[in-house]
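Read the structure below first, then the notes.
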Amino acid sequence: MTSTLPNSSPYTSAPASVSRVMLKVIYAMIPGSIAHVYFFGWGLLINMTIALMTALLAESVVMQLRKRPTLPALFDGSATVTALLLALAIPPLAPWWLPMLGSAFAILVAKHLYGGLGFNPFNPAMVGYAMLLIAFPQNMTAWIPPHELGNTLSFMQTLDYSMVGTLPANQTLDAITMASPLDTLKTQLMLDTTVSQILLTKPVFSGMAGIGWEWVNLMFLLGGIWLLLRRVITWHIPVAVLAGLGAMSALAWLIDSNHFATPVFHWLSGASMLGAFFIATDPVTACTTPRGQLVYGALMGVLIYIIRVWGGYPDGVAFAVLLLNMAVPTIDYYTQPRVFGHGGK
Amino acid sequence: MIHKLNRFHGGLHLPDHKAVSMQAQVTPQPLPKQLVIPLQQHIGAIDEPSVNPGERVLKGQLIARSDAHVSAPIHAPSSGTIVAIEARPVAHPSGMPAACIVIETDGKDEWTTLTPCADYTQLSPETLRQRVHEAGIVGLGGAGFPSFIKLTPGIGKVVETLILNGAECEPYITCDAMLMQARPDTVLQGAQIMLQAVQARHCLIGVEDNKPTAIAALQHALQALNDDRIRIVPIPTIYPTGGERQLIKVLTGKETPTHKLPIDVGVVCHNVATAAAVADAIIEGKPLISRYVTVTGAGIGQAHNLEVLIGTPMQTLLEECAARNVPDMQTIMGGPMMGFVVEDLQAPVIKTTNCLLHQTKPQSQAALPCIRCGECMRVCPAQLLPQQLYWHARAKDLDKTQDYKLFDCIECGCCAYVCPSHIPLVHYYRFAKTEIWAREREKLKSDHARERHEFHLQRLERKKQEDEERKRKKRELLQRAESPDDNKQDAIAAALERVKAKKAAQQVAPQNTENLTTAQQAKIDAIESRRKTLSNDSGQDEGQ
Ligand code: SF4
Ligand code: SF4
């Protein structure tokens, strides 16, 4: 990794670099993040900052220990993207050690124990998230409602909570947090109500999906489309994920619309768009052949749905990603493109 | 009429840097004092000198040849005295010196007696091939494969299309463009002669559309010629559209199967410069002793094309073109995508030297790990998975690299060009290929039984082919009985051809690797010769 290029052709190269790629990914996260902050308050920014600092620190410590040049690793942007994705998955109102632990785990264990950039089979951000969810389920499921529903914490109040765990005098954590829309739907459905009743009566829903969530998802969709246009990612994975998720939800909804929500609800809920465009497309851990990416994405969409609807977790994206990560080498091997001059037409 | 074009997968739009060397006309290079002529300028067997030191030679006189089938004779580029036959620095990826004939020129540039031919249409395909061979013509596009072999379709093979490759898709290089511009008639004559030699129905001349002047010149010349078998086809400028198999796909839609040759899909493909050399050889009787060379690059004051005698030291060309001589410059023979660095500029121009690219050494960037972004895969014209090839080549998992079809890699460099991690991918592929060849050789060496078996099979096959050939020849001779003047000549040519075929067969048989075609064998040889450098380099492998 430290060696220089051998003096052999080609003697010219495109001005591409890993950091440029990562930088574009970071730009593309901006609209979704703004929507997130708008609806769910300042917590995201605080979490992002903590996660980012932790990730960069962890990255440089590891690079030092492995006796590798530190600066290129910090500037290649991959640790940054990991940290930001993780922060987006953590509830906005969270104690400081939550993003910190998750981020450190993602970089140290999920990334570097497996050999560092390019060698990690599992998406580091999702490993970090999964670890937090298993270790601290309560903190990880306490979402604050969008500001329409009374989340009025100021930046300083949020920071206070993050740092020392205190809330303004008249408020308690239980009072201001509530289950996320996906969780709400799941628990309410057990009470023998229908989807349409729940969407109309429960305040977290806008009638289409969760208040705020639909906008966050639409903004990530926007950023994702921009990534597509800038050719940072290809259409295969996101389209396949959304198609897989859409197909499953459409099927269930057509069979029993009382107990299953529409595809649109699922596309605009939870981490659907973030997952489809930003997490599933992580090049290191995703399939690399075009056909493989379609298989990978579609299976992931199906899994997201299954875990969401029948699983015990608030959303299915993280576990769907991790499960599919394991299948990548096999999928890639069996979906090699037809090589020029080898049969076909 | 618009010719329907096809696409190949991937490829790149590269900045072409061609305009700079296209401004000036082609200038003949002044006669150098000394000419250094390597005995191997082609793919195939090395030539034996047929002259001795002290001997005076005339321009165009044969000075080296080989009895091997895959070979091309060499001629004196100017008149003068042979002063030495010894190892000299040559342009080769290995950087090793090689045997050369050194001629001290006498300034008279005195030609030997040539045998021009006023009407080549009177000559049989065999005679044409024979003369192309005797003129020492090899593929001038860079590969250097003896051209007469590619003009020999072989028994039972019908050539539908002759393709002339005027794509010249590598950046910077303009010698073919210049040739098409300056001598379009010669190129077209070459096409006609080749059409006759391979008995093809028609000829497509593919030229990238970034050379409108060359296309116009050819079209103009074609109008005058009024030969409706020939078509000039502008093709989109996408690197590497000049790769033989890529060009065939673009022009005909046919995909040459990996283990087959273009002839198996009814196509024969030659470079435009080769066609011009064929025309000169047949019509004027001139052997191949000079060529157009582009001298260009950021380090060149006056980039342009020169007409250069084979054997001219590269250094003198650079001086001619006002090369800046500062440290950290390097000279590449060929283009930036597939060329190689010339270590010693005393090395001479050879038949395959199309371009000297003089520029600053690229800054060494540290390679990052592969992030599997797939960019390389999206540009690979062979539809490979370069990232997987790299992964396995790096791990020295040679079997896996073959699973991923390493040997379909044409080393075009597209993947390395786009890689955001700046991984020298092609370097890894070359290394893996040479490793595999080495391993294969070892295995076969110890596998005598199989060797003998294959030899036996080959012999049977050869005997069958020879019988058929003999029968065919007999039929042809009988048929031609009405045209008596050609008859004798043909009979002689046929006899020669038979002798050669036999020799060729003897050549091929002991090679015993697998059922290799000559082209494959040639490829192996080229790869093998790179081994030295590569195995040295590989010591500085990525330190992961
Ligand atoms: S372009 Fe480079 S980094 Fe991207 S997949 Fe190919 S080898 Fe890996
Ligand atoms: S060098 Fe080989 S692997 Fe790379 S793009 Fe060209 S053919 Fe594909």
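Restricting the search to the stretch B:405-429, which residues are touching a helix residue (DSSP H, G or I) at 6+ places or on another chain (Cβ under 6 Å) and either touching a residue at least 60 places away in the same chain (Cβ under 8 Å) or surrounded by fewer than 19 Cβ atoms within 10 Å (Cβ to Cβ) (or both)?
Answer for the stretch B:405-429, where residues must be touching a helix residue (DSSP H, G or I) at 6+ places or on another chain (Cβ under 6 Å) and either touching a residue at least 60 places away in the same chain (Cβ under 8 Å) or surrounded by fewer than 19 Cβ atoms within 10 Å (Cβ to Cβ) (or both): B:411, B:413, B:414, B:418.
Checking residue B:211 against (1) buried (at least 24 other Cβ atoms within 10 Å of the Cβ); (2) within 17 Å of residue B:278 (Cα to Cα); (3) not small (Gly, Ala, Ser), which single condition isn't satisfied?
Of the numbered conditions (1) buried (at least 24 other Cβ atoms within 10 Å of the Cβ); (2) within 17 Å of residue B:278 (Cα to Cα); (3) not small (Gly, Ala, Ser), the odd one out for residue B:211 is (2).
For the stretch B:403-415, enumerate the residues that are at pLDDT 90 or above, more than 8 Å from ligand 2 (Cβ to nearest atom) and not in a loop (DSSP other than H, G, I, E, B).
Passing the criteria: B:406, B:407.
Going through the stretch B:405-449 one residue at a time, which ones are within 13 Å of chain A (Cβ to nearest Cβ), β-branched (Val, Ile, Thr) and over 17 Å from residue B:383 (Cβ atoms)?
Scanning the stretch B:405-449 gives B:423, B:434.
Go through (1) of a type outside the set (Lys, Arg); (2) under 30 Å from residue A:338 (Cβ atoms); (3) open to solvent by 30 Å² or more (accessible area, probe 1.4 Å) for residue A:257 and report which single condition fails.
Unmet condition: (2).
Looking at B:310, B:289, B:263, B:248, which one is among the β-branched types (Val, Ile, Thr) and open to solvent by 20 Å² or more (accessible area, probe 1.4 Å)?
Residue meeting the stated conditions: B:263.
Is one or more of the residues making up the stretch B:374-385 open to solvent by 20 Å² or more (accessible area, probe 1.4 Å), more than 11 Å from ligand 2 (Cβ to nearest atom) and more than 7 Å from chain A (Cβ to nearest Cβ)? Please lay out each step first, then the result.
As a first pass, look at the stretch B:374-385 and keep what is open to solvent by 20 Å² or more (accessible area, probe 1.4 Å): B:375, B:378, B:383.
When the remaining residues are screened for being more than 11 Å from ligand 2 (Cβ to nearest atom), the result is none.
No.
Is it true that residue B:104 is crowded, with 24+ Cβ neighbours inside 10 Å and of a type in the set (Asp, Glu)?
Details: crowded, with 24+ Cβ neighbours inside 10 Å: no; of a type in the set (Asp, Glu): yes.
The answer is no for residue B:104.
Could you list, in sequence order, the residues of the stretch B:26-66 that are within 27 Å of residue B:304 (Cα to Cα) and assigned to a strand (DSSP E or B)?
Result: B:27, B:28, B:34, B:35, B:36, B:37, B:38, B:59.
Tell me which residues, restricted to the stretch A:309-345, are part of a loop (DSSP other than H, G, I, E, B) and more than 8 Å from chain B (Cβ to nearest Cβ).
Of everything in the stretch A:309-345, those that are part of a loop (DSSP other than H, G, I, E, B) and more than 8 Å from chain B (Cβ to nearest Cβ) turn out to be A:311, A:312, A:313, A:314, A:315, A:316, A:335.
Of these, A:285, A:193, which one is hydroxyl-bearing (Ser, Thr, Tyr), in contact with a Lys or Arg (Cβ under 9 Å, 6 or more places away or on another chain) and in a loop (DSSP other than H, G, I, E, B)?
Criteria check complete, one pass: A:285.
Kindly evaluate residue B:402 against the criterion of being at the interface with another protein chain (Cβ under 10 Å from one of its Cβ atoms), more than 10 Å from ligand 1 (Cβ to nearest atom) and open to solvent by 30 Å² or more (accessible area, probe 1.4 Å).
When the stated conditions are applied, residue B:402 does not pass them.
Suppose we filter the stretch B:362-373 for residues that are within 14 Å of ligand 2 (Cβ to nearest atom) and of a type in the set (Lys, Arg); how many remain?
Residues meeting the conditions: 0.
Please enumerate the residues belonging to the stretch B:24-43 that are open to solvent by less than 20 Å² (accessible area, probe 1.4 Å) and at pLDDT below 90.
Across the stretch B:24-43, the qualifying residues are B:41, B:42.
Please go through the stretch B:155-165 and give me each residue that is β-branched (Val, Ile, Thr) and open to solvent by less than 20 Å² (accessible area, probe 1.4 Å), ordered by number.
B:159, B:161, B:163
Do we find that residue B:436 is in contact (Cβ under 8 Å) with a residue 12 or more places away in the chain, in a loop (DSSP other than H, G, I, E, B) and surrounded by fewer than 23 Cβ atoms within 10 Å (Cβ to Cβ) in this structure?
Taking the combined requirement at face value, the residue does not satisfy it.
Results for (1) modelled with pLDDT under 80; (2) not β-branched (Val, Ile, Thr), shown as yes or no for each residue.
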| site | (1), (2) |
| --- | --- |
| B:417 | no, yes |
| B:423 | no, no |
| B:431 | no, yes |
| B:436 | no, no |
| B:447 | yes, yes |
| B:451 | yes, yes |
| B:470 | yes, yes |
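So is residue B:278 within 13 Å of another protein chain (Cβ to nearest Cβ) and either over 28 Å from residue A:342 (Cα atoms) or open to solvent by 20 Å² or more (accessible area, probe 1.4 Å) (or both) or not?
Considered against the rule, which asks whether it is within 13 Å of another protein chain (Cβ to nearest Cβ) and either over 28 Å from residue A:342 (Cα atoms) or open to solvent by 20 Å² or more (accessible area, probe 1.4 Å) (or both), residue B:278 comes out as no.
Does residue A:227 satisfy the criteria of being at negative phi and open to solvent by less than 40 Å² (accessible area, probe 1.4 Å)?
Answer is yes for this residue.
Considering only the stretch A:269-288, state which residues are open to solvent by less than 20 Å² (accessible area, probe 1.4 Å) and aliphatic (A, V, I, L, M).
Matches in the stretch A:269-288: A:273, A:274, A:276, A:279, A:280, A:284, A:286.
Out of all the residues in the stretch B:166-190, which are in a helix (DSSP H, G or I), in contact (Cβ under 8 Å) with a residue 40 or more places away in the chain, surrounded by 24 or more Cβ atoms within 10 Å (Cβ to Cβ) and over 16 Å from the mean Cα position of the chain (by Cα)?
B:177, B:178, B:179, B:180, B:187, B:188, B:190, listed by residue number.
Can you tell which of B:163, B:193 is part of a helix (DSSP H, G or I) and in contact (Cβ under 8 Å) with a residue 24 or more places away in the chain?
Step by step, each of B:163, B:193 is checked, and only B:193 is part of a helix (DSSP H, G or I) and in contact (Cβ under 8 Å) with a residue 24 or more places away in the chain.
So which residues in the stretch B:406-449 are within 16 Å of ligand 1 (Cβ to nearest atom) and of a type outside the set (A, V, I, L, M, F, W, C), if there are any at all?
Passing the criteria: B:411, B:413, B:417, B:420, B:421, B:422, B:424, B:427, B:428, B:429, B:430.
If you scan the stretch B:386-398, which residues turn out to be more than 9 Å from chain A (Cβ to nearest Cβ) and under 27 Å from residue A:122 (Cβ atoms)?
First, pick out the residues of the stretch B:386-398 that are more than 9 Å from chain A (Cβ to nearest Cβ): B:386, B:389-398.
Hits for the stretch B:386-398 are B:386, B:389, B:390, B:391, B:392, B:393, B:394, B:395, B:396, B:397.
Kindly indicate whether any position in the stretch A:246-265 is closer than 24 Å to residue A:92 by Cβ and in a helix (DSSP H, G or I).
Checking the stretch A:246-265: at least one residue is closer than 24 Å to residue A:92 by Cβ and in a helix (DSSP H, G or I).
Go through (1) at pLDDT 90 or above; (2) at the interface with chain A (Cβ under 10 Å from one of its Cβ atoms) for residue B:361 and report which single condition fails.
With respect to (1) at pLDDT 90 or above; (2) at the interface with chain A (Cβ under 10 Å from one of its Cβ atoms), residue B:361 is out only on (1).
For the list (1) under 21 Å from the mean Cα position of the chain (by Cα); (2) under 30 Å from residue B:298 (Cβ atoms); (3) in a loop (DSSP other than H, G, I, E, B), I need the number of the one condition that residue B:23 fails.
(1)
Where residues in the stretch A:89-111 are aliphatic (A, V, I, L, M) and open to solvent by 10 Å² or more (accessible area, probe 1.4 Å), which of them is nearest to the chain's Cα centre (by Cα)?
A:89
Restricting the search to the stretch A:289-303, which residues are surrounded by fewer than 24 Cβ atoms within 10 Å (Cβ to Cβ) and within 14 Å of another protein chain (Cβ to nearest Cβ)?
A:289, A:290, A:291, A:294
The values are calculated or read from the model by the stated rules, or taken from the named source; none is laboratory data. Quantities reported herein were computed from a predicted structural model and do not represent experimental measurements. So basically every Cβ, Gly included, is an ideal-geometry build from the backbone, and we count neighbours across all protein chains shown. Remember, those area values only see protein heavy atoms, side chains included, never the ligands or the DNA or RNA. Shrake-Rupley method; radii C 1.70, N 1.55, O 1.52, S 1.80 Å.
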